[in-house]
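The values are calculated or read from the model by the stated rules, or taken from the named source; none is laboratory data. Just so it is clear, the model here is predicted, and its values are computed rather than measured. Cβ placement follows ideal geometry from the backbone for every residue including glycine, while neighbour counts extend to all protein chains displayed. What goes into the accessible areas is simple: the full protein's heavy atoms, side chains included, and nothing from ligands, DNA or RNA. Shrake-Rupley method; radii C 1.70, N 1.55, O 1.52, S 1.80 Å.
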Amino acid sequence: MVRFLRGSQKSFCVYILWCILIFLGLLVLYQAKHSKSVSLLPALAESYNSDWYYYDESGQPVTVTLPCKIPADGMVSRIYHKHTSYTRTNLCFYTHHQAADFLLNGVSLYEYEVTKKVPWLSSYRSFYHIVPLPAVKNGELCLELTALIPKHAGECTGIYMGSYESILFRLIWNRLDKLLIGIILVIFSLLVLLMSSLYNPNRGGDRTLIHLGVLAMLVGLWQLEESRVLQLFIGNQAVHWGLEYLLQFFILLIALRFIDDITPKKLSAWTNVFFVTAFFISCIVVVLQVLGQVQLADSVVVVKVLFIFYCFYAAYVVNKNTSFKKRSIQVLFTVFMSISALLFVVVLCGISQKKIADVLMSIAFVFMFASLSLILYHTSLEKFEAVRNAQLYQKLAFVDFNTGVSSKTAWFSLVENFDPHVDKMINCCLILFDMNNLKKLNDTKGHLYGDKVINEFCHCLSEAFGENGTVFRIGGDEFICLCRHSSEQEVEQMIATFESLAAHPEHPEYAFSCAYGYVFFTPHEKQDFIDAQQHADALMYEKKRLMKSGRDME
């Protein structure tokens, strides 16, 4: 008991150490992103957020620093900037559910409109835009933004300026944490799905690995979308809208399927109720989007609420699952899930700033996946151990302990499970052996001596038939040898070898004699084995009668 507690404490300390290392890694990454020290990284685009202005109702310019929110004329807002540059450069701005028109001295350089291929979808989320700027001595930039959702009217985000490469590096660096998490989760999901394809046949139809792999893939894609890197490769707006918003509902449903895999039977009904409720809510939200009543971008708050319930429910399920051998695993899982739920609450309540909220969301999913992976690891170990024990017990049941040959159970299992479409047996020979006078030996010289005679007999059988025949002990002194794919000449040669070994045993003090009968057949059904055994048994008794008759004549 003390050793078990010490082992649990050791495992618990190892997990805590991993958590500390992950937290320190995220902290170092966060500090590195905000550090101005010398770096070997490529040059990053500089912020271009100062000295912008808009015109108030009286026509007077009002200077602002981006990001900010300015008064809008209905859904349209405009900000301006005096621009002078003797070289060509690039400017990068970000639209948040907005259409955009970028002008220089009243001439449009770039225009972004939301495609209306889907009538009920008025907003396709957010995008970065890179606009090449020509060299100009006296220029005025104008960024006109048309909000697609009322709450985003007048919203102006930060702007960067520099070479095309420096802007790309800046965009990647700004969301490097999400990019790394996304890449790690996608790689993790591929490994898990590969493991599932390799090991699932041995797990009795268990789909836990598959559900975790799909869940990791979905969250990984969502984090890659959050990093904005996918915008560099995919230009379709509908794809990004689906990855940003619709994917979150699928993540929740797959997460519930994973918990259902480890839910005790007494709680499975509640898990199914939770799944049906989440599915029903998801359908309502999508229908409202289609009807144009509520934008999905404003409805994802429902997912965050459901994720909070999910974290607490998952912790409850794991603590109710008494099959886990280590209590420390349940405690650690509960702590991780509670941290995830707390972070979801902080994000939901809007306590933190937008950038910090994004980081907290990523950390929440990291803790959630650490928890689920931990549980999967230990449930897999326990299931593999159970399968291994079952295979060991089956193997023990199929072996005769005294002789080491196959047991009577193994013989009946072979006959009962015979499938002619799977077990292609042709030119088989069934040889039935019966040892002579074994009872007399046991009565006169003892059972220990009799066991040694039987072992000597089995040794001769194994030497004679080798890999060509399988020996089964079906009674105290009765044995069957089944030869597959053997000709009559090969069988007779093996029998001759056996008779030679029996006449000159390795241990002469344990000499034996036996009678046997054999029959050739090709099985097409299990009855063929029974018929062959009965025929061989009749031939064996005939040989035994002849042997007895010979001794009587002598």
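Looking at segment 185-207, can you tell me whether even one residue there is outside any helix (DSSP H, G or I) and touching a Gly at 6+ places or on another chain (Cβ under 7 Å)? The answer is no; no qualifying residue exists.
Of the numbered criteria (1) open to solvent by 20 Å² or more (accessible area, probe 1.4 Å); (2) under 22 Å from residue 529 (Cα atoms); (3) without any contact (Cβ under 8 Å) to a residue 60 or more places away in the chain, the one residue 442 fails is (2).
If you go through segment 500-550 and pick out every residue that is surrounded by fewer than 16 Cβ atoms within 10 Å (Cβ to Cβ), under 58 Å from the mean Cα position of the chain (by Cα) and within 20 Å of residue 454 (Cβ to Cβ), you end up with 2. If you check 299, 282 for being crowded, with 19+ Cβ neighbours inside 10 Å, among the polar types (S, T, N, Q) and either in contact with a Cys (Cβ under 8 Å, 6 or more places away or on another chain) or at pLDDT below 85 (or both), only one passes: 299.
Does residue 243 meet the test of being open to solvent by 20 Å² or more (accessible area, probe 1.4 Å), closer than 30 Å to residue 94 by Cα and of a type outside the set (Gly, Ala, Ser)? Spelling it out, residue 243 is indeed open to solvent by 20 Å² or more (accessible area, probe 1.4 Å), closer than 30 Å to residue 94 by Cα and of a type outside the set (Gly, Ala, Ser). Just one residue in the set 209, 230 is more than 28 Å from residue 75 (Cα to Cα) and surrounded by fewer than 20 Cβ atoms within 10 Å (Cβ to Cβ); that residue is 230.
Tell me, yes or no, whether segment 118-134 has at least one residue that is at pLDDT 90 or above, surrounded by fewer than 17 Cβ atoms within 10 Å (Cβ to Cβ) and either small (Gly, Ala, Ser) or farther than 23 Å from residue 166 by Cβ (or both). Checking segment 118-134: not a single residue is at pLDDT 90 or above, surrounded by fewer than 17 Cβ atoms within 10 Å (Cβ to Cβ) and either small (Gly, Ala, Ser) or farther than 23 Å from residue 166 by Cβ (or both). Within segment 128-178, count every residue that is more than 24 Å from residue 236 (Cα to Cα) and part of a strand (DSSP E or B). Looking only at that region, the number is 10.
With the requirement that a residue be open to solvent by less than 70 Å² (accessible area, probe 1.4 Å), in a loop (DSSP other than H, G, I, E, B) and among the small types (Gly, Ala, Ser), what does segment 51-81 give you?
From segment 51-81, those open to solvent by less than 70 Å² (accessible area, probe 1.4 Å) are 52-54, 56, 59, 62, 64, 66, 68, 70, 72, 74-77, 79-81; that's our starting set.
Filter once more, keeping what is in a loop (DSSP other than H, G, I, E, B): 56, 59, 66, 70, 72, 74-75.
Of everything in segment 51-81, those that are open to solvent by less than 70 Å² (accessible area, probe 1.4 Å), in a loop (DSSP other than H, G, I, E, B) and among the small types (Gly, Ala, Ser) turn out to be 59, 72, 74.
When residues of segment 66-97 are filtered for being farther than 25 Å from residue 134 by Cβ, out of contact with any strand residue (DSSP E or B) (no Cβ under 7 Å at 6 or more places or on another chain) and β-branched (Val, Ile, Thr), how many remain? The number of residues fulfilling the criteria is 0. In this structure, residue 409 does satisfy being modelled with pLDDT under 90, open to solvent by 50 Å² or more (accessible area, probe 1.4 Å), touching a helix residue (DSSP H, G or I) at 6+ places or on another chain (Cβ under 8 Å) and not hydrophobic (A, V, I, L, M, F, W, C). Condition first: at pLDDT 85 or above and either among the charged types (D, E, K, R) or open to solvent by 20 Å² or more (accessible area, probe 1.4 Å) (or both). Now tell me which residues in segment 151-170 satisfy that. Those that are at pLDDT 85 or above and either among the charged types (D, E, K, R) or open to solvent by 20 Å² or more (accessible area, probe 1.4 Å) (or both): 155, 157, 158, 160, 161, 163, 164, 165, 168, 169, 170.
For residue 263, state whether it is outside any helix (DSSP H, G or I), touching a residue at least 12 places away in the same chain (Cβ under 8 Å) and among the β-branched types (Val, Ile, Thr). Walk me through it before giving the result.
Values: outside any helix (DSSP H, G or I): yes; touching a residue at least 12 places away in the same chain (Cβ under 8 Å): yes; among the β-branched types (Val, Ile, Thr): yes.
So residue 263 passes the test.
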